[in-house]
Amino acid sequence: MAERVFITGMGMITAIGDNVAENLEQLRQQRSGLGYTSYIDTIYKQVLPVAEVKHSNDALFSLAGITSHEGYTRTTLLGLTAMREALQQAGITDVQTAPTGFINASTVGGMCDTEKVYFDIVDPAKSGTFLQYIDTLDCADCTQRIADTVGFSEHIATISTACSSSANALMFGARMIRQGFLPRMVCGGTEALTRFTLNGFNSLKNVDKQFCRPFDQQRTGLNLGEGAAYLVLESESFARANNSRILAEFTGYCNANEAFHPTSPSPDGDGAYEAMKAALAMSGRTLEDVDYINVHGTATLNNDVSEGKALERLFGNNVPLFSSTKPFTGHTLAAAGAIEAIYAVLAIQQGLIFPNLNFKEKMEELNISPVTELMEGVSVNNVISNSFGFGGNNASLVISKYEG
Amino acid sequence: MAAISPQATFEGDVFSAPLVHTDSNLLTCMEPDYKPFIPANSLRRMTRLLKMGLTTALQSIRDSGVEAIGPIVTGTGKGSLQDTEKFIREIEQYKETALNPTPFIQSTYNSVNGLIALQVKGTAYNNTFVHRGFSFENALLDSMMLLAEGAPNTLTGALEEMTAEHFYIKSRIGFWKPTPTDSRQLYDQLSPGSIAGEGATFFVLTGTPTPNSKAVITGFRMLYKPTAAKLAEGLAEFKEGIDLVLTGRNGDSRYEHFYQQADTLFPGIPQLSFKHLSGEHDTAGAFGMWLAAQVLHTQQIPAQWFPMLKALPATINRVLLYNHFYGEQHTMIVLERV
């Protein structure tokens, strides 16, 4: 029988905090990270809200614990900051002490920095230090810079499945542990805001000019965010031998494709339904065991109908407490799955249900509505975390309280 | 399996097709007629990499005889560069207004996976790896894990394109040879850089042999930035009974020493290299695996592709494929005759 997989460390940076503790505090205070960009060069600066990490790249260098300024993109710096915390929290001072893999996720790699110099890069008449950013455009650049800085030399990989990328990174890492490839994996994703993605989602008419309103009848779209998050996963035998502090158990997961449309989910949420159902079945938990669902809840017209329908189909009249934390962090694309997996662990550890900010009016297509106020002292034993993306990619994770 | 590559690998007889060569330092894919594979209204909207990827995937399914395709896993280092470049350019050109979303959507690294799933109604697991010279190989690892977990089969592939703009960009950091090089002499003229290439390669993998099985994978290893000792240890693991070593040699003097290490570990074992056929790119390893499987299956080597070839063993039962991407991602795959 395959080994159980435990979460033994977490690190993150988002618009609401530079580490896990700060994120928790802002969630408790119900303070959103949404605002307007200071760092992207766009005509939408004052028009489209984003959840930006409140540090310049220069400040991020010190947070990330490096001095070098050559060729490190914002994507890498956010990732390194989160990685340092995850390792520290797991008590890992040197990743070489045990075979440790690194599975990263990214949707546009170092686009945040390359888009600023792209037209110089393609102009033979121009030359300069910007050439150091040439090879940072792809998704592997940030993974390797992070790996080389902290010393990962075992298995490394980068996954890009749009908005489900880091959920898939967690799943891939857990599967490698269960199949006995490596006893310890660090998995997650990093994403920096870019003019490229902002215009991409805006061209799809998917971006709200107000702060996003997941599961609200009046919602008109998402707000983008940036951040990074990593979780340390360990096999049960390794965690026990290593005397690791176990934060939660990663009990179930499923990746399923809808095969419906390149960018839209099916109206009845077939993929979301399948992913949640199979992840729950794998976890060995029943529908009644689910205490909280951290929904994908992007606040786009299509996602929330489709995801809501899937919840009603799976849980009938007993849909568990659910909320989207996107109004806190924005939609952080490749980082979202890992950020929200950490929120799931926090919900379990702290007995909290986070509020779905900005919700006022129930959607007419649904009979359910999200939690709108912070709930404390709740017994949270099992959380489903959803991440759905372009290309029909659906991923659901089940994170459970560690009970020995 | 199926491959669109700079050689005539997709249709016709690979044993009679002439060797395609270039002195432009860029080997470009020989693209088939896509109409038999993709409906005309879809075809119009699709850019080059999407057409190459989807068509190769569909052809490999036909070739496999498998009826219902399970998980779909791919690797691509760069995704659809044409779309990425177009969207960057249009943002600038139209000052961020009235943008067509299509290039943005198609630039997403998993867009080909989504298209394949749509076309074959593939609702199972779907994943895309984007890690330079580990892109295809992680897709392969994921697929082997899926088979071990009980998947009936997987559709596993890789796709890469090279655009004029990206060729220029990479030339600025020494990816390609500074002077025009005849691709047929790639291995004879060591100098910094290689020649560029592209390709789409797909395989249907199963956990047990089928009548259509071409080869079986019996060994597999990825090494990230290994030391000489670690590489030697990795290669030595696969030393037993190798009849043919297939290397990703690419004429780049800066990283040739890794392949020379393999030479010394496999003395006297026949060796072939494939980058004069495919060019160098993030997922060239998939082409190497296609070639290894082709050789094992047919027990023949397309002679016109390998004029340097002297003698081969009468039977080839076990092939070691060793490739690396600019010295960083090293991969070893052992394939055997079914």
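The values are calculated or read from the model by the stated rules, or taken from the named source; none is laboratory data. Given the structure is predicted, the values throughout are model-derived calculations rather than measurements. Here the Cβ positions follow ideal geometry from the backbone for every residue, glycine too, while neighbour counts run over all protein chains shown.
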Please determine, by comparing only the residues of the range B:131-158 that are under 13 Å from B:PHE325 (Cβ atoms) and touching a Ser or Thr at 6+ places or on another chain (Cβ under 6 Å), which one is surrounded by the fewest Cβ atoms within 10 Å (Cβ to Cβ).
-> B:GLU137
Examine the range A:52-68 for a residue that is within 19 Å of A:ILE342 (Cα to Cα), in contact (Cβ under 8 Å) with a residue 60 or more places away in the chain, in contact with a helix residue (DSSP H, G or I) (Cβ under 6 Å, 6 or more places away or on another chain) and assigned to a loop (DSSP other than H, G, I, E, B), and state whether such a residue exists.
-> no
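Given the criteria farther than 30 Å from B:SER191 by Cβ and either surrounded by fewer than 19 Cβ atoms within 10 Å (Cβ to Cβ) or more than 7 Å from chain A (Cβ to nearest Cβ) (or both), does B:GLU161 qualify?
Numbers: farther than 30 Å from B:SER191 by Cβ: no; either surrounded by fewer than 19 Cβ atoms within 10 Å (Cβ to Cβ) or more than 7 Å from chain A (Cβ to nearest Cβ) (or both): yes.
When the stated conditions are applied, B:GLU161 does not pass them.
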The lone exception for A:ARG285 - which of (1) away from chain B (no Cβ under 12 Å); (2) surrounded by 21 or more Cβ atoms within 10 Å (Cβ to Cβ) it fails = (2)
Evaluate the range B:108-116: report whether one residue or more is more than 8 Å from chain A (Cβ to nearest Cβ), without any contact (Cβ under 8 Å) to a residue 40 or more places away in the chain and over 25 Å from A:ASP120 (Cβ atoms).
-> no
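Could you tell me whether A:LEU224 is under 19 Å from the mean Cα position of the chain (by Cα) and closer than 29 Å to A:ARG74 by Cα? Break it down into steps so the answer makes sense when it comes.
Values: under 19 Å from the mean Cα position of the chain (by Cα): yes; closer than 29 Å to A:ARG74 by Cα: yes.
Against the criterion (under 19 Å from the mean Cα position of the chain (by Cα) and closer than 29 Å to A:ARG74 by Cα), A:LEU224 qualifies.
Picking from A:THR107, A:THR14, which residue would you name as being touching a strand residue (DSSP E or B) at 6+ places or on another chain (Cβ under 7 Å) and within 14 Å of chain B (Cβ to nearest Cβ)? Step through it out loud before you land on a result.
On the way: A:THR14 fails: within 14 Å of chain B (Cβ to nearest Cβ).
Exactly one of A:THR107, A:THR14 is touching a strand residue (DSSP E or B) at 6+ places or on another chain (Cβ under 7 Å) and within 14 Å of chain B (Cβ to nearest Cβ), namely A:THR107.
If you scan the range A:198-212, which residues turn out to be surrounded by 24 or more Cβ atoms within 10 Å (Cβ to Cβ) and within 17 Å of A:TYR36 (Cα to Cα)?
At the first step, the residues of the range A:198-212 found to be surrounded by 24 or more Cβ atoms within 10 Å (Cβ to Cβ) are A:199-200, A:207, A:212.
Passing the criteria: A:ASN199, A:VAL207, A:CYS212.
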Scanning for something in a loop (DSSP other than H, G, I, E, B) and more than 25 Å from B:SER111 (Cα to Cα), does the range A:325-335 turn up at least one residue?
-> yes
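Specify the residue that is farthest from the chain's Cα centre (by Cα); the eligible residues are those in the range A:142-152 that are in contact (Cβ under 8 Å) with a residue 24 or more places away in the chain, at the interface with chain B (Cβ under 9 Å from one of its Cβ atoms) and in a helix (DSSP H, G or I).
Only one residue fits best here, namely A:ALA147.
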Residue in the range B:57-76 that is charged (D, E, K, R), within 26 Å of B:ASP282 (Cα to Cα) and within 13 Å of chain A (Cβ to nearest Cβ) present = no
Select from the range A:336-384 the residues that are acidic (Asp, Glu) and surrounded by fewer than 24 Cβ atoms within 10 Å (Cβ to Cβ) and list them in ascending order.
-> A:GLU361, A:GLU364, A:GLU365, A:GLU373, A:GLU376
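Only residues that are assigned to a helix (DSSP H, G or I) and either more than 10 Å from every other protein chain (Cβ to nearest Cβ) or modelled with pLDDT of 95 or more (or both): list them for the range A:115-132, please. Give the derivation first.
Here is the first cut: in the range A:115-132, the ones assigned to a helix (DSSP H, G or I) are A:115-121, A:129-132.
Within the range A:115-132, A:GLU115, A:LYS116, A:VAL117, A:TYR118, A:PHE119, A:ASP120, A:ILE121, A:THR129, A:PHE130 qualify.
So which of A:GLY71, A:GLY91, A:GLY101 is under 30 Å from A:PRO183 (Cβ atoms), within 14 Å of another protein chain (Cβ to nearest Cβ) and either of a type outside the set (S, T, N, Q) or surrounded by 22 or more Cβ atoms within 10 Å (Cβ to Cβ) (or both)? I'd like the intermediate steps shown before the answer.
Numbers: A:GLY71 fails: under 30 Å from A:PRO183 (Cβ atoms); A:GLY91 fails: within 14 Å of another protein chain (Cβ to nearest Cβ).
The unique qualifying residue is A:GLY101.
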Within the range B:280-288, is there a residue that is in contact (Cβ under 8 Å) with a residue 24 or more places away in the chain and surrounded by fewer than 18 Cβ atoms within 10 Å (Cβ to Cβ)?
-> no
Those residues of the range B:77-107 which are at the interface with chain A (Cβ under 8 Å from one of its Cβ atoms) and acidic (Asp, Glu) amount to B:GLU92, B:GLU96
Read through the list (1) over 30 Å from A:VAL47 (Cβ atoms); (2) surrounded by fewer than 17 Cβ atoms within 10 Å (Cβ to Cβ), then give the number of the only condition that B:ARG45 fails.
-> (1)
With respect to the numbered conditions (1) acidic (Asp, Glu); (2) within 11 Å of chain B (Cβ to nearest Cβ); (3) farther than 19 Å from B:GLU85 by Cβ, which one is the sole condition not fulfilled by A:ASP138?
-> (3)
